[in-house]
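Enquirer: Dropping a structure here in structure tokens format, bear with me for questions.
Nothing in this text is a laboratory measurement; each read-out follows from the coordinates by a stated rule. If you're wondering where the values come from, they're calculated on a predicted model, not measured in any experiment. Here Cβ is always computed from backbone atoms with ideal geometry, including for glycine, and neighbour counts include all displayed protein chains.
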Amino acid sequence: MPFLEVFGWLGALLTLAAYSMRSMFPLRCVALGANVAFITYGALTPVYPMLALHLGLLPLNAYRLAEILLGLRRMRAASRIVNPVDALRPFLRPTRFSDGDVVFRRGDVPDRIYYLERGTVLLPELGERLLEGTIFGEMAYFSDAGQRTASAICEGDCSILSIDEKSFMMLNRQHPEFGHYLIRLIAQRLVDGHRKRPELYEGFIEQPSAGPMQMDGSAT
């Protein structure tokens, strides 16, 4: 076998291996190897169409690999996140509330998400109190009903930061570490809240249908 053909066969084998992979990280790594092999083969043979194709694919695969590595780094950061408000802070607007002020009521259409910087907020329907450093008001945006699931009332003077819906959704998409934290937060609140007051979470949890069986258990 001529020496130059080794690069061509190597590129072909690496391309076949890349197509057989299920995970994107090794796929991109192997695809980069195939690009290098075909570029070498195309340049030395020379086969210019092959050379041009893989000169174009090389930076594309490198860019996609960089995206994967960045995503992995962000996911690792998400597992260690201490203060998720750091992602929100540039978009937050401060508001001061007095004792007894209502931030929102159950059934209201959501317009903002809140971060309790100082003070205590009562959720009367759930009998819970939110303490400093808590994000709240986010659940209504992920409910089919599109309404507040509980009221929020200040106990004592409170300093509350808020963010509008558009900025909140943008951050949820662009910051995986914040989105990961948000998923865990909502999941925990769904479990705790549904255990206490299941009727408040009808917009989240759909009751199973009777299917082919009637409600009394007899066959249709």
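Enquirer: Multiplying the sequence separation of Asp164 and Val102 by 0.36 nm and subtracting their Cα-Cα distance, what value in nm do you get? It would help to have the intermediate numbers written out before the result.
Expert: Details: separation 62, 0.36 × 62 = 22.32 nm, distance 1.79 nm.
Full-extension gain reported as 20.5 nm.
Enquirer: Sort largest first and round to whole Å: the equivalent ellipsoid semi-axes of segment 109-190, each the square root of five times a Cα gyration tensor eigenvalue.
Expert: Working: eigenvalues 83, 43, 31 Å².
Working through the eigenvalues yields semi-axes of 20, 15, 12 Å.
Enquirer: So, R0 is 35 Å and r is the distance between the beta-carbons of Ala12 and Arg73; what FRET efficiency does that work out to, to 0.05? Walk me through the numbers before you get to the answer.
Expert: Details: r = 33 Å, r/R0 = 0.94.
Efficiency at R0 = 35 Å is approximately 0.60.
Enquirer: Quickly work out the Leu60-to-Thr45 label distance, labels modelled 7 Å from Cα along the C-beta direction, and quote it in nm with one decimal.
Expert: 1.9 nm
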